[in-house]
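Report on the following structure.
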Amino acid sequence: MAGKGEHVIEVTLPSRPEYLLVARLATSGVGLRAGLTVDDIEDLKVAVAEACTNVINHAFKKDGGSGGQRIQLRLTAGKGELTVEVEDEGQGFDPEDLKKSQRSGLEGEGGLGFGLMKELTDTFRVESAPGSGTRVIMVKRATR
Amino acid sequence: MRIRTDAVDECTTVCRVGGELDAYTAPDLRDSLDGLLEKGARWIVVDLKDLTYLDSTGLGILVGTAKKCRQAGGDLSVACQRRNLVRIFEISGTQEILNLVATAEEAATRLQELHEGCPEDASGEEAT
């Protein structure tokens, strides 16, 4: 539920690369409403697209990409900040594997995308477990 | 996304990329760059002057092509000065491997420095 002064926008997208543009456009529009600067929005657009691209490339691998998979995008615009949650109901993974990837630098399987998400946002968190889907939560605050 | 390739001289090809480079459009760029390599191009300038969006998928293609160029005895240089994109190169630490410079002219010069034996200036010939 939205807090006082917050606006919540939810978008459900097919887990397909042609809809990445829609995720970026939603981020851009809601980011403006939240008072983010153009540079803040450019950063967040990349972070959101990275999270969505990970869903497209990895979340439903075991399903063979049959086409029924979805990406849930939830954007919460507060005063001077935007929280974006990117969620899927895919195969999930052990977050420990992500930590190992980050310890080995920005390169490696998925490491670059997660590295960009972390660097381009003010708060970045991943909730996942094998078989339980994944939720990425990112917060971007307006640069003064 | 828009892609155009032109020969700069006998051994250098410039690939101009405009629009947005993401996981949807990236396969087109990969095909174009692979096509250049198959035709024998080894020294490639990728001019991103008109590119407005780039993420890790596009970076992966640029880094992969740079490696292929080097394996073939050449190299690749990326020209980009848009602030939000340069930030992506900086965060990912790919400026060096991609020979990142500001303009296509600087990129061609950079490749000429790397390839000292390259004959200079047979400019303007369209490759594709």
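Could you work out what % of the accessible surface of region A:7-141 is carbon and sulfur, using a 1.4 angstrom probe and leaving DNA, RNA and ligands out of the count?
The C+S portion of the solvent-accessible surface of region A:7-141 is 48 percent.
Given the pairs A:LYS61/A:LYS100; A:LYS61/A:LYS99; A:LYS62/A:LYS140; A:LYS62/B:LYS67; A:LYS140/B:LYS68; A:LYS45/A:LYS79, which span a C-alpha to C-alpha distance of over 26 angstrom in this model?
Check vs 26 Å cut-off fails for A:LYS62/A:LYS140; A:LYS62/B:LYS67; A:LYS140/B:LYS68.
For the pair A:LYS79/A:LEU32, report the inter-label distance in nm, with labels modelled 7 Å from Cα in the Cβ direction.
Here the answer is 2.3 nm between the modelled labels.
Residues of region B:12-56 with accessible area at least 10 Å² lower in the all-protein-chain context than alone (1.4 Å probe)?
B:GLU20, B:ASP22, B:ALA23, B:TYR24, B:TYR53, B:ASP55, B:SER56
Among residues other than B:GLY19 whose Cβ falls under 9 Å from its Cβ, what is the net charge (Lys/Arg +1, Asp/Glu -1)?
Taking every other residue near B:GLY19 into account, the sum is -1.
Considering only protein heavy atoms, with the full assembly of protein chains and a 1.4 angstrom probe, order A:GLU50, A:GLU81 by accessible area, largest first. It would help to have the intermediate numbers written out before the result.
Numbers: A:GLU50 5, A:GLU81 60 Å².
Accessible-area ranking of A:GLU50, A:GLU81, largest first: A:GLU81, A:GLU50.
Sequence-distant or interchain residues sharing an amide H contact under 5 Å with B:ASP75, placed H: which?
Under 5 Å from the amide H of B:ASP75: B:TRP43, B:ILE44.
What is the interface area between chains A and B, defined as buried accessible area summed over both chains with a 1.4 Å probe, reported in Å² to the nearest 100?
1500
Please compute the net charge surrounding A:MET138, taking Lys and Arg as +1 and Asp and Glu as -1 over other residues with Cβ under 13 Å from its Cβ.
My count for the surroundings of A:MET138 gives -2.
Counting heavy atoms of the protein chains only and a 1.4 Å probe, report the per residue accessible area for region B:2-110 as a whole number of Å². Each step should come with its number before you reach the end.
Values: 4540 Å² over 109 residues.
Here the per-residue accessible area is 42 Å².
To test your reading of the geometry: what angle, between 0 and 90 degrees and rounded to tens, separates the Cα axis of helix B:26-38 from the longest principal axis of chain B?
So the helix axis and the longest Cα principal axis differ by about 10 degrees.
Kirkwood Rh over alpha-carbon pairs of region B:2-110, then Stokes-Einstein at 20 °C and 1.002 mPa s: what D in µm² s⁻¹, rounded to an integer?
160
Tally Lys and Arg at +1 and Asp and Glu at -1 over the other residues with C-beta under 14 Å from the C-beta of B:LEU29: what net charge comes out?
For residues surrounding B:LEU29, the net value is -3.
Among A:ARG141, B:ARG83, what's the order by accessible area (1.4 angstrom probe), most exposed first?
Output order, biggest surface exposure first: B:ARG83, A:ARG141.
What is the Cα convex hull volume of region A:7-141 when expressed per residue in Å³?
Convex hull volume per residue, Cα atoms: 92 Å³.
Order the following by accessible area, largest value first: A:PHE124, A:PHE60. Probe radius 1.4 Å; ligands, DNA and RNA are ignored. All intermediate terms of the calculation are to be shown ahead of the outcome.
Details: A:PHE124 45, A:PHE60 20 Å².
Sorted descending by solvent-accessible area, the residues read A:PHE124, A:PHE60.
The values are calculated or read from the model by the stated rules, or taken from the named source; none is laboratory data. All values reported here derive from a predicted model rather than from experimental measurement. Neighbour counts run over all protein chains shown; Cβ positions are idealised from the backbone, glycine included. Just so you know, the surface numbers come from the protein's heavy atoms only, side chains and all, with ligands and any DNA or RNA stripped out. Shrake-Rupley method; radii C 1.70, N 1.55, O 1.52, S 1.80 Å.
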